[in-house]
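One structure below.
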Amino acid sequence: MVKVAVLITVFNRRETTLIGLRSLYAAIEELGEDYSFDVYLTNDGCSDGTADAVRNEFPKVIIVEGNGSLFWGGGMNLAWKTAVDSQEGYDYYLWYNDDSDIFPDALEIMFKAITNGVVVTGAFKGHDGNVSYGGQTKDEQLIPPNGQLQEVVNMNGNLVLIPDIIYKQVGFIDKHFLHGGGDFDYGYKVREKGYKVVLTPQYVGIADRHGSFVPQYCNKDIPLSKRWKILHNPMNSPKIHFRYSVKREGIIKAIVYFIIGYVGVLFPTLYVKVKTAVKK
């Protein structure tokens with residue numbers, strides 16, 4: 001029996017969470033009886049009844065209570081540590097974002113790709129049919145699946161399968177990356193340990209892309225005072241992005257990216273030009 005711990009963190013999107021869990025359990029059922037799954041779900045201060053709704057429809061889900069300020073990185077970190085502390089002896093850990101609607105054969109695809117030497121990230125497409133999440137090049141260009149395993153540099157955390165042997169070398173998600181960067185950072189640490197991150201040969205589900213090339217804090221139609229607050233909330237914090245960039249891209253690029261955020265707030269019309277130039 002292969003034992004798998006599924007790690008999820010949620011905050012105030014009850015219906016999305018329920019839909020996501022339904023697709024997850026459908027994929028679990030499709031995989032068959034040779035696999036055993038425990039689902040650890042961090043309830044990070046939900047006030048919309050998400051936890052109670054999950055308990056009612058999915059009573060086997062293990063709900064871990066957060067403090068309301070964990071965001072994605074902290075919530076996933078807590079769920080993972082709870083799974084390890086349970087001493088169930090899991091063979092694999094599966095990250096899952098509840099806003100990703102996975103196909104019934106998604107887990108079958110993931111496990112066909114897995115070995116002890118790789119981490120597998122699932123390829124997703126949006127409702128428009130274009131690749132939306134999964135694996136990226138060093139320049140953060142999304143890689144569409146091509147029917148074969150492809151090694152990637154950056155991985156998105158929508159659906160990621162990690163063997164226990166790699167977890168024991170790499171550890172947990174860094175909880176300091178509250179909303180973004182934690183999945184990229186983990187992928188880099190996996191590669192630093194000599195393992196590979198690979199993309200599934202085909203799509204495993206549907207997840208529409210969030211955000212845009214021009215973030216809200218660079219929207220000239222929003223007052224400066226509000227743009228300033230948006231930039232400094234935990235989801236956009238320049239300090240968090242600096243932490244990631246200085247580790248992975250060097251101090252020069254980290255400083256440039258840090259400055260770009262403030263350029264975007266103060267001079268929104270310059271943002272696209274500056275960001276485009278830096279990407280090149």
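Fewest neighbouring Cβ atoms within 10 Å first, the residues S23, S132, S36 line up as S36, S23, S132. Highest GNM mean-square fluctuation among N97, N154, N130, for the chain modelled with Cα contacts below 10 Å: N130.
Which of these, G32, G205, G73, has the largest mean-square fluctuation under a Gaussian network model of the chain (Cα springs below 10 Å)? Checking each option, the largest mean-square fluctuation is seen for G32. For the pair the stretch 149-214 and the stretch 76-128, the centres of their Cα atoms are 10 angstrom apart.
In a Gaussian network model over the chain where Cα atoms closer than 10 Å are linked, find which of K138, K189, K125 has the largest mean-square fluctuation. The residue with the greatest mean-square fluctuation here is K138. The string of couplings for the stretch 135-151 from the Karplus curve (6.51, -1.76, 1.60, θ = phi - 60°) is x, 9, 6, 4, 8, 6, 8, 5, 10, x, x, 10, x, 10, 5, 10, 6 Hz, one whole number per residue in order, with x for Gly and Pro. A value for percent of Cα pairs over 33 Å apart was derived from the coordinates, and within the list [x] 17; [y] 39; [z] 21 it appears as [z]. In the chain, the sites counted are GluC sites (Glu not before Pro) in DSSP loop states with at most 15 other Cβ atoms within 10 Å, and the longest stretch holding none of them, exclusive of the sites, is 141-248. Of all DSSP-defined beta bridges confined to the chain, some 40% are antiparallel rather than parallel.
Laboratory data are not the source of any read-out in this text; all were calculated from the coordinates shown. For clarity, every value in this text was computed on a predicted model and none was experimentally measured. Here the Cβ is made from the backbone with ideal geometry for all residues, glycine too, and neighbour counts use every protein chain on show.
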